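Everything below concerns the one structure shown next.
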Amino acid sequence: MTGHRRFSWSQACGLALALLGTPFVCVGQMNSRAPTDAPRDAMIRALGALNPHPSIGDEARTFDRLVGSWDCDYTFYLDDGSVHHKSGEVLFGWVLDGRALQDIWITYPTDAQKDRTMGTSIRFFDTTLKQWRVLFVSPRRGYVVTVQGGLEGDRIVLRGTDVDGYPIRWSFNEIKPESFVWRGEKSRDDGKTWKLEEEHHMKRRG
């Protein structure tokens, strides 16, 4: 597959399952029963949920407003000073009886990279810690990281430690019904200063 291609919500979910093996369910398939002749689909069909579980309470609003499909302009700031741009999409949806959300981050193929790149997060509200906990996985890169946090003013801010041992700060900014900006920052001086490594601009699809 070459060039940029837009996928519908159902197409993106289906391809994600085929290529990534990620248990993410398309909204249109949520709460539907798996055909008896398709046992490999049973877990996928059981995973999705249309709404957050009541036990999450008002905290559900933190991420519920992001549920849906987003076109994304990815920007990466490299250590050598260069800036790379890529196009893609991000999909958010409730899973596990509405007790968690899953998202899929997709970057489209480019002339230099013929295959698209995909990663996924599971995020849930820890009622003991009173924080959102997030696990992000990128199988292609062999990358796994955890962060946690929640609302800080009008932003969502998540903090953790990257695989290289440095603190990271991931944030959702300028959140509006039709757009938001995601930023990924890293500190190499114990949080005194932060370097912007990624800034992704999202626009809601449809």
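The values are calculated or read from the model by the stated rules, or taken from the named source; none is laboratory data. This structure is a prediction, so every number in the text was calculated from the model and none was measured. Cβ atoms come from the backbone with ideal geometry, glycine included; neighbour counts cover every protein chain shown.
Structural remarks
- Lone qualifier among 191, 165, 206 - being modelled with pLDDT under 95 and either more than 25 Å from residue 69 (Cα to Cα) or assigned to a strand (DSSP E or B) (or both): 191
- Pairs meeting the criteria (first residue in segment 48-75 and at positive phi, second residue of a type outside the set (A, V, I, L, M), beta carbons under 7 Å, at least 6 apart or on different chains) are 68/92; 68/204.
- Qualifying residue in segment 157-174 (condition: of a type in the set (Ser, Thr, Tyr) and buried (at least 16 other Cβ atoms within 10 Å of the Cβ)): yes
- When every residue of segment 130-148 is checked against the conditions, at least one turns out to be touching a helix residue (DSSP H, G or I) at 6+ places or on another chain (Cβ under 8 Å) and more than 18 Å from residue 77 (Cβ to Cβ).
- Checked against (1) more than 18 Å from the chain's Cα centre (by Cα); (2) under 23 Å from residue 86 (Cα atoms), residue 153 meets all criteria but (2).
- Residue 191 meets the stated requirement of being in contact (Cβ under 8 Å) with a residue 12 or more places away in the chain and not acidic (Asp, Glu).
- Residue, surrounded by the most Cβ atoms within 10 Å (Cβ to Cβ), within segment 146-156, restricted to residues that are among the aliphatic types (A, V, I, L, M) and either modelled with pLDDT under 95 or out of contact with any Lys or Arg (no Cβ under 8 Å at 6 or more places or on another chain) (or both): 156
- Some residue of segment 173-181 being without any contact (Cβ under 8 Å) to a residue 60 or more places away in the chain, hydroxyl-bearing (Ser, Thr, Tyr), part of a loop (DSSP other than H, G, I, E, B) and within 20 Å of residue 73 (Cα to Cα): no
- Against the conditions (1) at negative phi; (2) at pLDDT 95 or above; (3) buried (at least 18 other Cβ atoms within 10 Å of the Cβ), residue 116 satisfies every one except (2).
- Scanning segment 95-113 for residues that are among the acidic types (Asp, Glu) and surrounded by 15 or more Cβ atoms within 10 Å (Cβ to Cβ) gives a single hit, 103.
- Answer from 146, 120 - the residue that is without any contact (Cβ under 8 Å) to a residue 60 or more places away in the chain and either touching a strand residue (DSSP E or B) at 6+ places or on another chain (Cβ under 8 Å) or not in a loop (DSSP other than H, G, I, E, B) (or both): 146
- Scanning segment 130-141 for residues that are in contact with a strand residue (DSSP E or B) (Cβ under 7 Å, 6 or more places away or on another chain) and at pLDDT 95 or above turns up 131, 132, 133, 134, 135, 136, 137, 138.
- Test: residue in segment 72-94 that is touching a strand residue (DSSP E or B) at 6+ places or on another chain (Cβ under 7 Å), within 15 Å of residue 125 (Cα to Cα), surrounded by 14 or more Cβ atoms within 10 Å (Cβ to Cβ) and at pLDDT 95 or above: yes
- Filter result (surrounded by 15 or more Cβ atoms within 10 Å (Cβ to Cβ) and more than 28 Å from residue 205 (Cβ to Cβ)) within segment 126-145: 131
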